Amino acid sequence: MLERESEGWRLAWDGQRDPFPLLIGGEDWASELTAAEGHALLKAMEALREEHRKLTSSLMEEETICLEFQGSTGEQGGDLWVALEGDRQDWTLRFVLQPGPGKRGLEAGWSREATAGFLQAYSALLHSEP
């Protein structure tokens, strides 16, 4: 089992916990995800972060931006919406997981203080999962 946490976020990966090996959490919430959901969420978050990185030099100091992603979780009928909101320096991430019929959904996010650290740890965790 791999676990990481800091102020405002939490991650755990346990490949023995099928079908929900990934636990993600924020300030007052936590949820288990399937591997496909976890990877789809990470891919969307990383794409938004990269887009934000490309746009920061063109933003004025006081200007804010909202970037959105909408796509599939890679599982039958699952949809995912992710938003990055913030300015040149700090940003938040929010997401909505709408799974297929008979499965649970989730809406959650991280604060400005927690987002960058969470995304860095999340990326490292899933890119190095056993």
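The values are calculated or read from the model by the stated rules, or taken from the named source; none is laboratory data. Just so it is clear, the model here is predicted, and its values are computed rather than measured. Note that we place each Cβ from the backbone using ideal geometry, even for glycine, and neighbour counts take in every protein chain shown. The protein model used for the area step is the full one, side chains on, heavy atoms only, and it has no ligands, DNA or RNA in it. Shrake-Rupley method; radii C 1.70, N 1.55, O 1.52, S 1.80 Å.
Identify the residue in region 48-83 that is open to solvent by less than 50 Å² (accessible area, probe 1.4 Å) and among the polar types (S, T, N, Q) and, among all such residues, is modelled with the highest pLDDT.
The qualifying residue modelled with the highest pLDDT is T56.
Mind listing just one residue for me: the one in region 15-47 that is over 22 Å from A114 (Cβ atoms) and of a type in the set (D, E, K, R) and, of those, surrounded by the most Cβ atoms within 10 Å (Cβ to Cβ)?
The residue in question is R17.
Quick one: in region 1-14, which of the residues that are over 16 Å from E27 (Cα atoms) and in contact (Cβ under 8 Å) with a residue 60 or more places away in the chain is surrounded by the most Cβ atoms within 10 Å (Cβ to Cβ)?
Checked region 1-14; the qualifying residue surrounded by the most Cβ atoms within 10 Å (Cβ to Cβ) is W13.
Give E37, E7 a once-over and let me know the one that is modelled with pLDDT of 95 or more and among the acidic types (D, E).
Going through E37, E7 in turn, just one is modelled with pLDDT of 95 or more and among the acidic types (D, E): E7.
Residues being open to solvent by 90 Å² or more (accessible area, probe 1.4 Å) and assigned to a loop (DSSP other than H, G, I, E, B): count how many of those fall in region 89-101.
Final tally of qualifying residues: 2.
Test A108 against the stated conditions and say whether it is outside any loop (DSSP other than H, G, I, E, B), touching a Phe, Trp or Tyr at 6+ places or on another chain (Cβ under 8 Å) and either among the aliphatic types (A, V, I, L, M) or modelled with pLDDT under 95 (or both).
Judged against the criteria, A108 is a match.
Is there a residue in region 106-121 that is closer than 20 Å to W13 by Cβ, surrounded by fewer than 17 Cβ atoms within 10 Å (Cβ to Cβ) and more than 12 Å from the chain's Cα centre (by Cα)?
Among the residues of region 106-121, not one is closer than 20 Å to W13 by Cβ, surrounded by fewer than 17 Cβ atoms within 10 Å (Cβ to Cβ) and more than 12 Å from the chain's Cα centre (by Cα), which makes the answer no.
Here is a check on your reading of the model: is T64 of a type outside the set (A, V, I, L, M) and closer than 18 Å to A30 by Cβ?
In short, no.
Given the options L59, L119, L80, name the one that is more than 27 Å from E3 (Cβ to Cβ), touching an Asp or Glu at 6+ places or on another chain (Cβ under 9 Å) and not charged (D, E, K, R).
L59
What number of residues in region 1-14 are farther than 15 Å from A116 by Cβ and either assigned to a loop (DSSP other than H, G, I, E, B) or in contact with a helix residue (DSSP H, G or I) (Cβ under 7 Å, 6 or more places away or on another chain) (or both)?
So the answer is 4.
Residue by residue through region 38-69, note down the ones that are assigned to a strand (DSSP E or B) and over 13 Å from the mean Cα position of the chain (by Cα).
Matches in region 38-69: I65, C66, L67.
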